[in-house]
Amino acid sequence: MPEPLLAVRDVSKTYRVGRTEVAALRDVGLELHKGECLALVGESGSGKTTLGKLILGIEAPSAGTLHFAGERLPDRRARTLRRRLQFVQQNPMSALNPKRTIGDSIALPLAVHGLVPRARLRARAGELLGLVGMSADLLDRYPAMLSGGQRQRVALARALAAEPDCIVLDEPTSSLDVSVQARILQLLADLQARLGLSYIFITHDLGVVRNIAHRVVVLYRGRVVETGTTAAMFGRPRHRYTQMLLSSIPVVSDEEERLKPSWPWERDVAAAEVAAAVGCAFAPRCAYALDVCRREAPAFHPVSSGDGHACHCPG
Ligand SMILES: Nc1ncnc2c1ncn2[C@@H]1O[C@H](COP(=O)(O)OP(=O)(O)OP(=O)(O)O)[C@@H](O)[C@H]1O
Ligand SMILES: [Mg+2]
């Protein structure tokens with residue numbers, strides 16, 4: 001196996017809120033290889049965005065290390081490193097200045113990183129629009145004049161302008177209609193194949209990443225509970241939490257309906273808040289929990305080539 005493009009090792013992140021400490025991530029590890037799309041999946045509050053921010057250098061870890069292209073990532077990133085790791089968020093408006101034309105928005109990273117001569121900025125911005133399936137005629141429009149799908153394409157063009165190795169996509173299609181969502185996912189897959197990009201794809205919905213992710217990391221309350229290839233996750237999910245996530249996604253055929261894990265019931269999430277301190281954090285919600293699950297936190301059991309699960313009673 002070649003050296004990973006990105007390696008996250010034993011990373012924890014704690015936020016102080018007044019006098020209390022919120023553990024957003026605990027001992028998280030993952031590897032992303034060149035050309036790979038790695039999905040980070042979990043419910044709201046599981047730590048997905050926090051992990052994305054640590055990778056991008058927007059936040060610094062409380063413990064643990066991150067390596068990129070073989071080098072330890074410092075908390076304060078030099079410009080070149082910032083260029084190589086780009087961010088696309090759920091709401092494209094947050095990446096685009098409403099007072100700037102989209103041509104100027106795309107030209108900005110080109111100028112900041114000195115990627116093309118001044119005289120070529122506009123032409124290159126037009127090429128980048130073409131790359132995301134939009135016409136260069138739109139260069140002089142403002143973000144408010146575009147549809148949600150078009151804005152997300154512009155945000156992507158802006159990220160691509162920096163010629164990154166890796167893009168952290170945080171719920172990039174969650175605010176879009178289903179048909180638009182499908183086209184953006186197809187565009188992301190095409191761009192990845194064409195440009196050899198690597199993606200960290202953050203989503204709360206496993207169904208979204210089914211056709212684009214190569215591997216999946218499942219987070220529950222700041223911990224990695226299962227990792228595996230997308231085929232393994234959908235074919236034979238082991239962790240009970242992964243099974244619960246999968247039981248709620250829509251399927252396309254009777255065959256899939258038969259294979260899909262069923263989830264007997266869900267316990268009160270409020271109870272999970274109280275009881276999660278000892279044992280498995282998921283035990284209070286788990287239909288299969290044993291006594292040991294409430295006593296001891298499960299260790300990570302490797303299954304194949306680094307992938308595995310942290311569950312006392314896997315399926
Ligand atoms: N700046 C912060 N200050 C305090 N707590 C924070 C901060 N950022 C995140 N948290 C807490 O860390 C935990 C993880 O948050 P995070 O935003 O990473 O979750 P997420 O998986 O991205 O959720 P969502 O799906 O809702 O976006 C949550 O409990 C959240 O309240
Ligand atoms: Mg988030």
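Take every DSSP beta bridge with both residues inside segment 6-220 and express the antiparallel ones as a percent of the total, to the nearest 5. Around 45 percent antiparallel, to the nearest 5. A Förster radius of 22 Å combined with the Cβ-Cβ distance from Ser247 to Cys313 puts the calculated FRET efficiency at roughly 0.85.
Take the chain, mark every one of the trypsin sites (Lys or Arg not before Pro) that falls in a DSSP loop and has at most 10 other Cβ within 10 Å, then report the longest stretch left between them, sites excluded.
The reported range is 100-315.
With R₀ fixed at 30 Å, the C-beta to C-beta distance from His113 to Val22 puts the FRET efficiency at about 0.30.
The share of C-alpha pairs in the chain whose separation exceeds 27 Å stands at 46 percent. Projecting the Cα positions of Gln186, Ala119, Leu85 onto the charge dipole of segment 6-220 (unit charges on Cβ atoms of Lys, Arg, Asp and Glu, taken about the Cα centre) puts Ala119 furthest along the positive direction.
What distance in nm separates the simple spin-label points at Tyr288 and Thr80, each placed 7 Å from Cα in the Cβ direction? Between Tyr288 and Thr80, the simple spin-label model gives 4.8 nm. Rounded to the nearest 20 debye, the dipole size of the chain about its Cα centre is 1040 debye, using +1 on the Cβ of Lys and Arg and -1 on the Cβ of Asp and Glu.
Between Leu259 and Asn211, what is the FRET efficiency for a Förster distance of 22 Å, r being their Cβ-Cβ separation, to the nearest 0.05? About 0.85, to the nearest 0.05.
Rounded if a/c is under 1.5, else prolate if a/b is larger than b/c, else oblate: which is segment 40-122, with a ≥ b ≥ c the root eigenvalues of its Cα gyration tensor? The shape class here is oblate. Note on the chain: with a GNM built from Cα contacts shorter than 10 Å, the maximum mean-square fluctuation among Ser12, Ser305, Ser247 falls on Ser305. Estimated purely from DSSP H runs of n ≥ 4, each contributing -39500 (n - 2.57), the mean residue ellipticity at 222 nm for the chain is -9500 deg cm²/dmol once divided by its residues.
Bear in mind these aren't lab numbers, they're just calculated from the coordinates by the rules spelled out. If you're wondering where the values come from, they're calculated on a predicted model, not measured in any experiment. A quick note on method: Cβ atoms are made from the backbone with ideal geometry, for glycine too, and the neighbour counts reach across all protein chains shown.
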